[in-house]
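Asks: Please find one structure pasted underneath; my questions will follow.
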Amino acid sequence: MSERVERPWALMRHHAGWADVFHIETESADSITGFYPDRETVGPPVSYSVRAVLARFPTLEAARAAREGAVAEWRKHDAGVRDAETKLREAEKAREDAWLTCLRDAAKAS
């Protein structure tokens, strides 16, 4: 548990490719409670399952640097994802066309 106390800064998944910096104030075996320091309004502390933590860091600066490095790594794959999405759309179109052709051919045969 001491490592956890020494590493109170966490990255929490916000959406695909982005994580929010979170400060852990208290924790138990299965939950953490804290706040998001980068949000405009810091409201009351919020609690999450410990499974929500993507990574932990000893300082705010280390968490922010890791987040920025991860975003850069994520961006390296953007072109590959776009290419795969294009191929997927083409495959879905081919499947749809084949389905329609099969239905139409069956209608002509009967």
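The values are calculated or read from the model by the stated rules, or taken from the named source; none is laboratory data. Small disclaimer: the values here were computed from a predicted structure and weren't measured. All Cβ positions, glycine included, derive from the backbone under ideal geometry; neighbour counts span all protein chains shown. Note: areas computed on protein heavy atoms with side chains; ligands, DNA, RNA excluded. Shrake-Rupley method; radii C 1.70, N 1.55, O 1.52, S 1.80 Å.
Asks: Here is a list of conditions, (1) at pLDDT 95 or above; (2) under 30 Å from GLU6 (Cβ atoms), and ARG89 meets all of them except one; can you say which number that is?
Replies: Among (1) at pLDDT 95 or above; (2) under 30 Å from GLU6 (Cβ atoms), the lone unmet condition for ARG89 is (2).
Asks: Anything in the range 1-40 that is acidic (Asp, Glu) and modelled with pLDDT under 85? List them, or say none. Don't jump to the end; show me each part of the working.
Replies: Step one: filter the range 1-40 for residues acidic (Asp, Glu), giving 3, 6, 20, 25, 27, 30, 38, 40.
Selection gives GLU3, GLU6, GLU40.
Matching residues to (1) over 17 Å from ARG7 (Cα atoms); (2) at pLDDT 95 or above:
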site: ALA52; (1), (2): no, no
site: ARG56; (1), (2): no, yes
site: GLY69; (1), (2): yes, yes
site: ALA84; (1), (2): yes, yes
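Asks: Here is a follow-up. Consider the range 43-85. How many of its residues are polar (S, T, N, Q), without any contact (Cβ under 8 Å) to a residue 40 or more places away in the chain and open to solvent by less than 60 Å² (accessible area, probe 1.4 Å)? First the steps, then the outcome.
Replies: Restricting attention to the range 43-85, the residues satisfying the condition of being polar (S, T, N, Q) are 47, 49, 59.
Keeping just the survivors that are without any contact (Cβ under 8 Å) to a residue 40 or more places away in the chain gives 47, 49.
From what's left, open to solvent by less than 60 Å² (accessible area, probe 1.4 Å): 49.
Final tally of qualifying residues: 1.
Asks: Still on this model: Can you tell me which residues in the range 7-32 are assigned to a loop (DSSP other than H, G, I, E, B), over 27 Å from VAL81 (Cβ atoms) and out of contact with any His (no Cβ under 7 Å at 6 or more places or on another chain)? First the steps, then the outcome.
Replies: Residues of the range 7-32 that are assigned to a loop (DSSP other than H, G, I, E, B), as a first pass: 7-8, 16-17, 28-30.
Imposing the further condition that a residue be over 27 Å from VAL81 (Cβ atoms) reduces the set to 7-8, 28-30.
If the condition is that a residue be assigned to a loop (DSSP other than H, G, I, E, B), over 27 Å from VAL81 (Cβ atoms) and out of contact with any His (no Cβ under 7 Å at 6 or more places or on another chain), then ARG7, SER28, ALA29, ASP30 are the ones that fit.
Yes or no, residue by residue, for (1) out of contact with any Asp or Glu (no Cβ under 9 Å at 6 or more places or on another chain); (2) closer than 15 Å to TRP9 by Cα; (3) not in a helix (DSSP H, G or I):
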| residue | (1), (2), (3) |
| --- | --- |
| GLY34 | no, yes, yes |
| THR41 | yes, no, yes |
| GLU61 | yes, yes, no |
| ASP83 | yes, no, no |
| LEU88 | yes, no, no |
| ARG95 | yes, no, no |
| CYS102 | yes, no, no |
